[in-house]
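The values are calculated or read from the model by the stated rules, or taken from the named source; none is laboratory data. This is a predicted model, so every value here is computed, not measured. When we count neighbours, we look across all protein chains shown, and the Cβ atoms used for this are built from the backbone with ideal geometry, even at glycine.
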């Protein structure tokens with residue numbers, strides 16, 4: 001990795017060349033393939049140049065791989081054995097900047113690097129230094145999570161969040177759509193979920209809430225896909241379901257009634273796994289979710305589920321007896337296995353928080369290790385794919401400094417600690433290590449009522465995490481990262497990001 005290039009995340013290799021490429025209004029964008037998505041990427045690059053540098057290119061992107069000077073060439077190469085789909089090469093000299101990749105995702109990431117390399121050059125506009133970069137991600141899952149249940153953020157704010165991910169070559173947006181304090185996704189079969197479950201009366205007596213229509217969801221999923229970001233939805237079950245039960249109390253153990261809570265915490269009323277109609281409800285909801293989100297995974301929560309009601313519920317006790325379960329703890333395992341079958345029937349893979357390990361998961365289910373890395377270790381050793389997001393390094397709702405910070409949920413996670421994150425825990429053999437898909441940062445929003453606060457808590461910790469998930473493992477050079485981050489702040493300023501400066 002070159003310390004002289006201000007790129008975040010740092011590339012696999014970068015060799016400085018001589019001279020530089022001048023980016024000006026006469027710069028042309030050329031394509032070597034007449035393919036629709038490559039044309040879309042060329043238009044995206046043109047808009048990025050205008051947005052970041054206030055340079056309006058005079059010429060439209062064109063399909064022509066010629067040798068004319070002052071050209072940015074997007075070259076889609078034939079895939080070869082040993083190359084990864086997101087890999088790219090960037091070569092810059094005085095005449096041209098060439099991005100080569102084996103599919104469109106690689107071209108997109110090359111564009112991000114090209115944009116980051118451009119530096120102001122007085123009256124001449126912007127210069128891109130001569131360089132040859134070869135780059136590819138270390139992990140397939142490079143994610144950020146956002147909780148929209150505790151506080152709701154509109155579609156434009158969600159798109160800005162996705163743009164932040166794309167700038168840093170992150171490719172997963174984990175969208176936490178439901179929790180106790182709000183149900184945020186329209187389900188056609190159960191309109192009461194958003195009519196009732198999307199709204200709460202806050203502590204000042206004011207109605208608060210909101211939700212995304214299915215049209216909103218499709219728009220955001222398409223927007224993310226155009227930036228090579230996959231949206232992973234989370235419908236949290238069987239716990240954290242107060243908002244759902246306020247709308248549909250019949251699926252509880254007691255029959256209700258319930259209100260959408262206006263306080264944080266874990267609540268004892270959860271879905272009733274003893275009732276067959278509960279699974280009909282879950283299947284109907286997940287069927288619509290699977291239609292809305294084309295990605296491989298669907299997140300089902302599975303965390304922090306009290307069993308207090310199950311211990312006394314006649315339906316649950318009957319289920320325990322009939323299924324020959326030991327106790328109410330095994331009842332959650334039964335629940336999650338039925339949910340996994342619902343998703344498998346719809347060609348989806350289940351992923352959940354690490355509590356689902358307690359239930360004897362099918363091998364096809366993946367695990368998000370949040371409480372501690374040891375749960376990721378356990379999951380990988382027992383054959384499960386794992387996303388590492390331990391509180392110790394990946395919870396961006398924690399304080400960033402010991403004083404003079406806005407109110408947070410607690411904990412302490414400075415930027416340097418994020419940069420120490422290693423997704424592959426010690427103690428795994430080579431086969432087990434390959435089951436670590438990657439990692440993600442989690443942003444729970446109990447104390448983030450507005451999106452600017454989300455940005456402040458996420459950035460630049462997101463930048464550090466992105467580097468740990470993309471760049472090669474090994475030596476940690478935090479001082480070098482901080483030097484590059486100083487230049488990166490200018491890019492964030494151009495995007496009007498409310499970051500915390502270190």
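To keep it simple, each residue is scored yes or no on (1) within 23 Å of residue 228 (Cα to Cα); (2) assigned by TED's automatic domain parsing to the domain that holds residue 122; (3) in contact with a helix residue (DSSP H, G or I) (Cβ under 9 Å, 6 or more places away or on another chain).
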position: 5; (1), (2), (3): no, no, yes
position: 32; (1), (2), (3): yes, yes, yes
position: 46; (1), (2), (3): yes, yes, no
position: 52; (1), (2), (3): yes, yes, yes
position: 74; (1), (2), (3): yes, yes, yes
(message) Can you tell me which condition residue 219 does not meet? The list is (1) over 21 Å from residue 9 (Cβ atoms); (2) surrounded by 15 or more Cβ atoms within 10 Å (Cβ to Cβ); (3) in contact with a strand residue (DSSP E or B) (Cβ under 7 Å, 6 or more places away or on another chain), and all the others hold.
(response) (3)
(message) Quick check on my filter: what residues within region 289-298 are in contact with a helix residue (DSSP H, G or I) (Cβ under 8 Å, 6 or more places away or on another chain) and either free of Cβ contacts under 8 Å to residues at least 12 places away in the same chain or closer than 21 Å to residue 180 by Cβ (or both)?
(response) 298
(message) Regarding region 436-444, can at least one residue be identified that is in contact with a helix residue (DSSP H, G or I) (Cβ under 6 Å, 6 or more places away or on another chain) and over 23 Å from residue 380 (Cβ atoms)?
(response) yes
(request) Out of the residues in region 196-216 that are touching a helix residue (DSSP H, G or I) at 6+ places or on another chain (Cβ under 7 Å) and more than 30 Å from residue 140 (Cβ to Cβ), state the one that is surrounded by the most Cβ atoms within 10 Å (Cβ to Cβ). (result) 197
(request) Could you grab me the full set of residues in region 356-408 that are free of Cβ contacts under 8 Å to residues at least 60 places away in the same chain and assigned to a strand (DSSP E or B)? (result) 367, 369, 386, 388, 395, 398, 399
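Rundown of residues vs (1) in contact (Cβ under 8 Å) with a residue 24 or more places away in the chain; (2) out of contact with any strand residue (DSSP E or B) (no Cβ under 6 Å at 6 or more places or on another chain), yes/no style:
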| position | (1), (2) |
| --- | --- |
| 15 | yes, no |
| 28 | yes, no |
| 50 | no, yes |
| 75 | yes, no |
| 79 | yes, yes |
(request) Spot the failing condition for residue 426; the list is (1) within 30 Å of residue 356 (Cβ to Cβ); (2) exposed (fewer than 14 other Cβ atoms within 10 Å of the Cβ); (3) modelled with pLDDT of 95 or more, and only one is missed. (result) (3)
(request) Mind checking which strands (runs of 3 or more DSSP E) fall wholly inside region 23-133 and carry at least 2 residues that are farther than 28 Å from residue 463 by Cβ, under 31 Å from the mean Cα position of the chain (by Cα) and at pLDDT 90 or above? (result) 71-76
(message) Can you tell me how many residues within region 178-189 are touching a strand residue (DSSP E or B) at 6+ places or on another chain (Cβ under 9 Å) and surrounded by fewer than 24 Cβ atoms within 10 Å (Cβ to Cβ)?
(response) 1
(message) Being exposed (fewer than 14 other Cβ atoms within 10 Å of the Cβ) and at pLDDT 95 or above is the requirement here; does residue 250 meet it?
(response) yes
(request) Just need a number here: residues in region 293-319 that are part of a helix (DSSP H, G or I) and crowded, with 21+ Cβ neighbours inside 10 Å. (result) 3
(message) Looking for something under 20 Å from residue 388 (Cβ atoms) and buried (at least 16 other Cβ atoms within 10 Å of the Cβ) - is there at least one such residue anywhere in region 479-496?
(response) yes
(request) Looking at (1) in a helix (DSSP H, G or I); (2) under 20 Å from the mean Cα position of the chain (by Cα), find the lone condition where residue 446 falls short. (result) (1)
(message) Which of the helices (runs of 4 or more DSSP H) found entirely inside region 170-263 contain at least 3 residues meeting this: more than 26 Å from residue 44 (Cα to Cα) and more than 21 Å from the chain's Cα centre (by Cα)?
(response) 192-195, 242-247
(request) Mind telling me which of the residues 190, 223 ends up being touching a helix residue (DSSP H, G or I) at 6+ places or on another chain (Cβ under 9 Å), modelled with pLDDT of 95 or more and under 30 Å from residue 39 (Cβ atoms)? (result) 223
(request) May I ask you to verify whether residue 277 is within 21 Å of residue 179 (Cβ to Cβ), in contact (Cβ under 8 Å) with a residue 12 or more places away in the chain and surrounded by fewer than 22 Cβ atoms within 10 Å (Cβ to Cβ)? (result) no
